[in-house]
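Engineer: Below you'll find the structure I mean.
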Amino acid sequence: MKKINRREFIKCSVSSTVFVLGINLSESKNAFSSEINNEESFSPNIWLKIDSQNKCTIILPESEIGQGVFTGLATLIAEELDFDWSQITVERASSADIYGYQTTGGSSSIRSGWIKFRKAGAIARYMFVEAAAKKWKVPAARCQTKNGIVYLKKSDKKFQYSELISDANKVNIPQNIILKNADQFNLIGKKGSRVDSADKVTGKAIYGIDVQLPDMLIATSVHPPVFGAAPGKVDDVLAKEIPGFVKAIKIDNAVAVVAKDYWSASKAAKALKIEWLYSGKLINDEEIKQKLKRAIENKGAVAQSLGEISAATDKKQITAEYSVPLQAHATMEPMNCTVHIHNGICEIWAPTQSPTAAKEIAEEYYFNAADRVWKKVKTLLKSNEDDIVVHTTFSGGGFGRRLKQDFVAEAVQIAMGFSQPVKLIWSREEDMQHDCYRPVSHSKLQAQVDDQGYPVSILHKIASPSIRESLNPGYLKRKKGLDSSAVEGARHLAYAIENHKVIYNYVDLPVPLGYWRSVGASINAYHIESFIDELSHKANIDSYLYRKELLQFNPRILATLNAVASLSGWKNDSHAFYGIACHSSYGSHVSTVAKINRKNNALELSSIYCVIDCGQYVNPDIVKAQLEGSVVFGMSALFSEINIQNGRVLQSNYHDFPMLRYHQVPEIICEIIQSAEDPGGAGEPAVPPTIPAILNAVFAATGERIRDLPIKQSVFI
């Protein structure tokens, strides 16, 4: 039985035709409220609404970037509500402050909403059951529900929820509520359709780049060719000759070109002659590598220290170093944002992972100092008026890139000079060359092993720039030099190693950084799992059995390891070569096997096997889709990199930053462990073990250990 916090839920409706239940997900916010009228349908700032047609609308603050969060969270409510899934629709919440801080990332949506969203559905169901019982003058225990209908047991009497709205609105929210056991689930854990699939298939779904408004202008940005530069003089003489050109505008660290259509804006952007101002040193790849190698031997910040790393020489020592390059997000939908400033309101349409951050960055440009004071006064007065409104659209991929709101900041600056709406679209080249990249990183691992070859201790030194320092200057000073995202996946290993130390060494680079799918775990899992494989080889122990021995005290990830070995038929095919890796992240545990065949002295990556324990899962199809997407995303990082030459990014599009194409994708076979544990993440945990599993298989096939990425696509046929 779950206790109800009155600050979490509130009835918002006194209408006879609409039932509304508000949910407060933020501990710092009061329960939701709304202005009620007697219309059949309205859109207050709430979460759960049932109308007179017995249709349920669920309003969510998460960003749908393809991961299926709309379906997942709606399923939690619908399950406990006992509602007909075909009558469920989902709407994206507004950017009103009442919804708290809105951001989507870290594979957190289902994990954080698992209990609260189910409680919302259960509370609503309770209220309809109580209403029906009162009308029938029977105990509530004589009622049962299914598909949005209350039935009287051993009778043909029934009420649709919609017929009980007026009575349900009079029922008080209970102090306690009973949630279903897993064996009672009808929707959770079962295959089911996505709530957004029909609109996406028919083209009705609106992505940021789809937004169309009357009299809208189109803009594109021209950013400095090197990091840290700023625009000086802008010569637009040739741009003015292009039909449709409207204006060139200097904005923060870029020049925006506004036109009547994108083609005209793009042509005009290329016609501009811009003087770029820069006084710093231009950095190159080789210099970056040398800085990392020097930094790896610094004292650094201790991220974890278990037991004692001995300098004794009676144990055999094994050392290896690994590195990864800068990585772009390369989302299919480039950065874009539409802004319309009218009637004192700044209205924004953006494919963002954080509407609140988008709103905050817009405030910095839209409000002057006096405006900010007035905004604080309005907040104290609890005014519901919003001067800035963010409409969050569907996103064509996110992977962490849309957590940064630089494209929103640019769009607001541009739109402030026009009365009509302006849509900013970054070209693919601008998007690729002005991303916030996953950091370059260098690791040095040193193990002392016992007589059997198992590690007694591991010292892991990491040198890399800091995502958090890049996004929030001064962060490292406040955190004593430690960026937790840089050591993510390196600390708290699943393996039973009594002595383990992790040291982080910060490297200052003039390159913008950002969160990337699975963040630091995507780097450190590759380094650690490659190293564990090296240790098993030197010990002459099968790499699966070696890991199995080290995981004997971690049953959940061990179960995935055993399952993936079984699923892949580990080493049953004497003509194939296998690689294995495992990793825990975001509350989930994943093990992966890569299978390679030799064909005419060339390597063929034939299959990837992936097993996850993500606790109780909501929709197995969506989980498997996330696993498959993670494998493809991780594989792409095998072959791609961002190179810096004289301070500028060399790559510009998919031709020189290769993403895996359909014909290059191997067979991917996924399995989900049945679990009674609370949910973990699904969108990121399969990325980290993908690369080491593949490279461990390459070693098995060739005897060559790959310690530095990327590799050439020609490695595989």
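Engineer: S630: surrounded by fewer than 24 Cβ atoms within 10 Å (Cβ to Cβ), at pLDDT 95 or above and part of a helix (DSSP H, G or I), yes or no?
Structural biologist: no
Engineer: So, one more: Go through region 90-114 residue by residue and tally those that are out of contact with any Lys or Arg (no Cβ under 6 Å at 6 or more places or on another chain) and more than 18 Å from G68 (Cα to Cα).
Structural biologist: 6
Okay, residues lined up against (1) assigned to a helix (DSSP H, G or I); (2) touching a His at 6+ places or on another chain (Cβ under 6 Å); (3) surrounded by 23 or more Cβ atoms within 10 Å (Cβ to Cβ); (4) among the β-branched types (V, I, T):
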residue	(1), (2), (3), (4)
Y544	yes, no, no, no
S566	yes, no, no, no
S574	no, no, no, no
A594	no, no, yes, no
M635	yes, no, yes, no
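Engineer: Filter the strands (runs of 3 or more DSSP E) completely within region 153-249 down to those with at least 2 residues that are surrounded by fewer than 20 Cβ atoms within 10 Å (Cβ to Cβ), at negative phi and in contact with a strand residue (DSSP E or B) (Cβ under 7 Å, 6 or more places away or on another chain).
Structural biologist: Counting at least 2 such residues, we get 158-160, 230-235.
Engineer: Filter region 649-693 down to the residues that are surrounded by fewer than 16 Cβ atoms within 10 Å (Cβ to Cβ), assigned to a loop (DSSP other than H, G, I, E, B) and not β-branched (V, I, T) and list them by number.
Structural biologist: L650, S652, N653, Y654, H655, D656, R661, Q674, A676, E677, D678
Engineer: Name the pairs whose Cβ atoms lie under 7 Å apart, with the first residue in region 601-627 and buried (at least 21 other Cβ atoms within 10 Å of the Cβ) and of a type in the set (D, E, K, R), the second outside any strand (DSSP E or B) and at pLDDT 95 or above, and 6 or more positions between them or separate chains?
Structural biologist: D613/R556; D613/A559; D613/T560; D613/I673; D613/S675
Engineer: Ok, one more. Considering region 676-717 alone, what residues qualify as being of a type in the set (G, A, S), farther than 27 Å from S63 by Cβ and touching a residue at least 24 places away in the same chain (Cβ under 8 Å)?
Structural biologist: Of everything in region 676-717, those that are of a type in the set (G, A, S), farther than 27 Å from S63 by Cβ and touching a residue at least 24 places away in the same chain (Cβ under 8 Å) turn out to be A676, A693, A697, A700, A701.
Engineer: Need a quick list: helices (runs of 4 or more DSSP H) entirely within region 252-366 having at least 3 residues that are charged (D, E, K, R).
Structural biologist: So the answer is 285-295, 355-366.
Engineer: Restricting to region 420-463, name every residue that is more than 27 Å from S543 (Cβ to Cβ) and among the polar types (S, T, N, Q).
Structural biologist: Residues satisfying the conditions are Q420, S427, Q433.
Engineer: Still on this structure, please answer the following. For region 56-87, enumerate the residues that are surrounded by fewer than 23 Cβ atoms within 10 Å (Cβ to Cβ) and farther than 17 Å from S107 by Cβ.
Structural biologist: T57, I59, D84, W85, S86, Q87, listed by residue number.
Engineer: Identify, from the list N696, N646, the residue that is over 21 Å from G72 (Cα atoms) and surrounded by fewer than 24 Cβ atoms within 10 Å (Cβ to Cβ).
Structural biologist: Testing whether each residue is over 21 Å from G72 (Cα atoms) and surrounded by fewer than 24 Cβ atoms within 10 Å (Cβ to Cβ) leaves just N646.
Engineer: Yes or no: Q616 part of a loop (DSSP other than H, G, I, E, B) and among the polar types (S, T, N, Q)?
Structural biologist: It is true that Q616 is part of a loop (DSSP other than H, G, I, E, B) and among the polar types (S, T, N, Q).
Engineer: Here's another thing I want to ask about it. Which of the strands (runs of 3 or more DSSP E) contained wholly in region 416-500 include at least 1 residues that are touching a strand residue (DSSP E or B) at 6+ places or on another chain (Cβ under 7 Å) and under 17 Å from D406 (Cβ atoms)?
Structural biologist: Result: 422-425.
Engineer: Of all residues being at pLDDT 95 or above, out of contact with any strand residue (DSSP E or B) (no Cβ under 8 Å at 6 or more places or on another chain) and buried (at least 21 other Cβ atoms within 10 Å of the Cβ) in region 110-126, which is nearest to D167 (Cα to Cα)? Just the residue, please.
Structural biologist: Result: R118.
The values are calculated or read from the model by the stated rules, or taken from the named source; none is laboratory data. The shown structure was predicted, so the numbers you read here are calculated from the model rather than taken from an experiment. Methodologically, a virtual Cβ is constructed for each residue, glycine included, from the backbone with ideal geometry; neighbour enumeration extends over all protein chains shown.
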